[in-house]
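Student: Take this structure first; my questions come after.
The values are calculated or read from the model by the stated rules, or taken from the named source; none is laboratory data. Here the structure is a predicted model, which is why all the values come from computation and not from measurement. We place every Cβ from the backbone using ideal geometry, glycine too, and count neighbours over all the protein chains shown. The area values use the complete protein model at the heavy-atom level, side chains included, leaving out ligands, DNA and RNA. Shrake-Rupley method; radii C 1.70, N 1.55, O 1.52, S 1.80 Å.
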Amino acid sequence: MMSFEHVRWPEIWEATKDTLYMMTASLIFTILFGLILGVILFLTSRRQLLQQPLVYGVLSVIVNILRSVPFVILMILIMPVTKFITGTTLGVEGSIPPLIVAATPFFARLVETSLREVDRGVIEAAQAMGASKWDIVRRVLLRESRPGLVAAITITAVTLVSYTAMSGVIGGGGLGDLALRYGYQRFQTDVMIVTVALLIVLVQLLQTIGDVLVRRFSRK
């Protein structure tokens, strides 16, 4: 039976807090930037309120490029930007900018998809009643797409958990860094098992909360 003799629980707790901090901070900025970008993508697409094929095409290409770059490579590519913003490329602070850059285009696409699921008849009815474009976005699109948006936030949060684990490759801190330094490099399997178990619990918790919120908004 495994004794977990190499597991230092205070260090595990600190790594867990670092992971939660990285995920929460990056998720907040991702929702902010991704929601704006997703709404712009939707509005400028074909047959929508602000149809602009050129704007949509340029933004779409940028989003696709960022989504195509593996997260580990992206972290390395934007190290100069990370250094400029945070003053470091290591630790928790050095991980947050690449997390935001990686997750924002991913979330923006999910937002665009959620907005496309809104019944076009509802939008046309709002236009017929003289609602402004901003009112349509705020009171129709975002309100009607709430279940999809909550599901998108949940998926993004889960994705960010995996990204925080990968940030350990460049000393990003958190459970991923702990698993790499002790579980992989020092062959301490017990540390690896504990960190993986905590990541699984975190993902399950996020998914459960997200599912509950989706059901609640779907009934409204």
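Student: Does region 93-116 contain at least one residue that is of a type in the set (Val, Ile, Thr), more than 30 Å from Glu14 (Cα to Cα) and surrounded by 14 or more Cβ atoms within 10 Å (Cβ to Cβ)?
Tutor: yes
Student: Also, quick follow-up: Please verify whether region 9-20 includes one or more residues that are hydrophobic (A, V, I, L, M, F, W, C) and open to solvent by less than 40 Å² (accessible area, probe 1.4 Å).
Tutor: Yes.
Student: Among the candidates Leu110, Leu99, single out the residue that is farther than 15 Å from Ser162 by Cα, under 13 Å from the mean Cα position of the chain (by Cα) and of a type in the set (A, V, I, L, M, F, W, C).
Tutor: Leu110
Residues are listed down the side, and each one gets a yes or a no for (1) surrounded by 15 or more Cβ atoms within 10 Å (Cβ to Cβ); (2) among the aromatic types (Phe, Trp, Tyr); (3) under 27 Å from Gly94 (Cα atoms); (4) in contact (Cβ under 8 Å) with a residue 12 or more places away in the chain:
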residue	(1), (2), (3), (4)
Val169	no, no, yes, yes
Gly173	yes, no, yes, yes
Gly176	yes, no, yes, yes
Val212	no, no, no, no
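Student: Could you check how many residues of region 37-90 are more than 19 Å from Leu160 (Cβ to Cβ) and among the β-branched types (Val, Ile, Thr)?
Tutor: Adding up the residues that qualify gives 9.
Student: May I pose another question? So the check is Cβ under 8 Å with 6+ separation or different chains; which pairs have a first residue in region 49-62 that's within 18 Å of Pro105 (Cα to Cα) and a second one that's open to solvent by 90 Å² or more (accessible area, probe 1.4 Å)?
Tutor: Short answer, once both residue conditions are applied: Tyr56/Arg46.
Student: Going by the structure shown, is Leu90 of a type in the set (A, V, I, L, M, F, W, C), modelled with pLDDT under 95 and over 21 Å from Leu20 (Cα atoms)? Give the derivation first.
Tutor: Details: of a type in the set (A, V, I, L, M, F, W, C): yes; modelled with pLDDT under 95: yes; over 21 Å from Leu20 (Cα atoms): no.
For Leu90, the condition - of a type in the set (A, V, I, L, M, F, W, C), modelled with pLDDT under 95 and over 21 Å from Leu20 (Cα atoms) - is not met.
Student: Also, I was wondering about something else. Of the numbered conditions (1) out of contact with any Ser or Thr (no Cβ under 7 Å at 6 or more places or on another chain); (2) within 18 Å of Pro105 (Cα to Cα), Met23 satisfies every one except a single condition; which is it?
Tutor: Result: Met23 passes all but (1).
Student: While we're here: What about Thr104, is it under 11 Å from the mean Cα position of the chain (by Cα) and hydroxyl-bearing (Ser, Thr, Tyr)? Spell out the reasoning first.
Tutor: On the way: under 11 Å from the mean Cα position of the chain (by Cα): yes; hydroxyl-bearing (Ser, Thr, Tyr): yes.
Here the answer is yes, as Thr104 does meet what is asked.
Student: Among Asp177, Asp135, Asp211, which is within 18 Å of Ala15 (Cβ to Cβ) and either acidic (Asp, Glu) or assigned to a loop (DSSP other than H, G, I, E, B) (or both)?
Tutor: The unique qualifying residue is Asp177.
Student: Name the one entry in Arg215, Arg181 that is farther than 26 Å from Val101 by Cβ and of a type outside the set (A, V, I, L, M, F, W, C). Let's see the steps before the verdict.
Tutor: Values: Arg181 fails: farther than 26 Å from Val101 by Cβ.
Residue meeting the stated conditions: Arg215.
Student: Exactly one of these conditions fails for Val122: (1) assigned to a helix (DSSP H, G or I); (2) out of contact with any Phe, Trp or Tyr (no Cβ under 8 Å at 6 or more places or on another chain); (3) surrounded by 17 or more Cβ atoms within 10 Å (Cβ to Cβ). Give me its number.
Tutor: Among (1) assigned to a helix (DSSP H, G or I); (2) out of contact with any Phe, Trp or Tyr (no Cβ under 8 Å at 6 or more places or on another chain); (3) surrounded by 17 or more Cβ atoms within 10 Å (Cβ to Cβ), the lone unmet condition for Val122 is (3).
Student: Could you please find all residues in region 21-52 being open to solvent by 30 Å² or more (accessible area, probe 1.4 Å), of a type outside the set (D, E, K, R) and assigned to a loop (DSSP other than H, G, I, E, B)?
Tutor: Scanning region 21-52 gives Gln48, Leu49, Leu50, Gln51, Gln52.
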